Amino acid sequence: MRVSDFDYQLPEELIAQEPLAQRDHSRLMVVDKTAGTWHHTTFPQIGAWLQPGDLMVFNDTRVIPARLWARRVPGGGKVEVLLLNPLGPDRWEVLVNPGRKVPPGQVLTFGAGGELTAVAEERTPFGGRVLRFNQEGAALRAAFMKLGEVPLPPYIKRPLTDLDRYQTVYARTEGSVAAPTAGLHFTPELLAKLEAEGVKTGYLTLHVGLGTFRPVRTEVVEEHKMHAEYFEISPELAAAVAATKAGGHRVIAVGTTSARALETMGQADGTVRAGAGRTEIFIYPGYQFKVLDGLVTNFHLPRSTLLMLVAAFAGRELILAAYREAIKERYRFFSFGDAMLII
């Protein structure tokens, strides 16, 4: 399977540069993957396609200020550091730019007074570095919060004045370098309305890292390797999924990150195991879904693993046709864009 099979042409003006004034005022394309049809509506109407007893599963991860700026010691050259995964109380896997300037043994200093320092210990298989900091635990977290900034995707060119708009309203578990953007459309009021209509909600955690947004650089889809991301599924959520399936209702993932975590722990009977760990699951057409019955998602970049996952769930030809329709109807694309419900 070729990566070019997941390409499409998007006018640049359709890339949403900022969130709408109100979270849930986005448009919604509802795709019926069995009938091969779609319907245009608005996000507050999503409940019309849900049923009492359905379970919506959200990713409660919270974006951290994962981009930091450092200086090399000696030399003073500027280095961009993107935090990816904690490896211990004082060690992190990171991306560095320019990477050639940060060999193993390089010392980096952060902040005007050099209050935080780190040593590059080794290179990682994905071209990053392992940094050991001079602080650990709560003190290191406080330093990140003070010195870091929330990294926005490179296709967003305008500064975001309200960084809370790059968090979901239910975000609580810190650890992501990017938001699970399908959840950005939900408001407390909409969640309460769905609950009143009998739709169940559950939460898991998957910390969005390099695995979710790393470009596919191979020409053959099957040759791409995902970067591991940390996830947790609680016994309560596992029980809720089992009860939903037993009752003949649907499990609907909110976002591709929720989908990947559920499928990582999915069982042949449609239930999930509780647990925590790191997932490298790569879902592309041909994958047999175990848990998912529905998916809320945004419109994704061409040639991306996210688009491949959506195509695996609904069918490549149907999804590419729906994307062509969305472009014709001037939907807004990517992180701050409009949404799709696939059922």
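Could you check, for the range 35-46, whether at least one of its residues is closer than 30 Å to residue 200 by Cα, part of a strand (DSSP E or B), of a type in the set (S, T, N, Q) and touching a His at 6+ places or on another chain (Cβ under 8 Å)? The answer is yes; a qualifying residue exists. Regarding residue 269, is this residue among the acidic types (Asp, Glu), surrounded by fewer than 24 Cβ atoms within 10 Å (Cβ to Cβ), farther than 19 Å from residue 343 by Cα and out of contact with any Cys (no Cβ under 6 Å at 6 or more places or on another chain)? In short, yes.
The listed residues are 178, 142, and the only one of them that is outside the structural domain of residue 84 (by TED's automatic domain parsing) and either within 28 Å of residue 109 (Cβ to Cβ) or hydrophobic (A, V, I, L, M, F, W, C) (or both) turns out to be 178. Reported count of residues in the range 213-226, each being touching a residue at least 60 places away in the same chain (Cβ under 8 Å) and under 21 Å from residue 155 (Cα atoms), is 4. Of all residues in the range 47-76 being part of a loop (DSSP other than H, G, I, E, B) and under 20 Å from residue 163 (Cβ atoms), which is nearest to the chain's Cα centre (by Cα)? Taking the candidates together, the pick is 60. Each residue in the range 290-302 was checked for being buried (at least 18 other Cβ atoms within 10 Å of the Cβ) and either closer than 22 Å to residue 1 by Cα or among the small types (Gly, Ala, Ser) (or both), and 4 pass.
Inside the range 156-178, residues that are at pLDDT 95 or above and hydrophobic (A, V, I, L, M, F, W, C) make up a count of 2. May I ask you to verify whether residue 255 is more than 19 Å from the chain's Cα centre (by Cα), modelled with pLDDT of 95 or more and surrounded by 14 or more Cβ atoms within 10 Å (Cβ to Cβ)? The answer is no for residue 255. Checking each residue in the range 1-41 for being of a type in the set (A, V, I, L, M), surrounded by fewer than 18 Cβ atoms within 10 Å (Cβ to Cβ) and touching an Asp or Glu at 6+ places or on another chain (Cβ under 8 Å) picks out only 1. Of the residues making up the range 197-212, just one is modelled with pLDDT of 95 or more, of a type in the set (S, T, N, Q) and under 11 Å from the mean Cα position of the chain (by Cα), namely 205.
Taking the criterion of being closer than 14 Å to residue 147 by Cα and of a type in the set (D, E, K, R), the only residue of the range 106-135 that qualifies is 115.
The values are calculated or read from the model by the stated rules, or taken from the named source; none is laboratory data. A quick note: this is a predicted structure, and the numbers were derived from the prediction, not measured. Don't worry about glycine lacking a Cβ; one is built from the backbone with ideal geometry, like all the others, and counts go over all protein chains shown.
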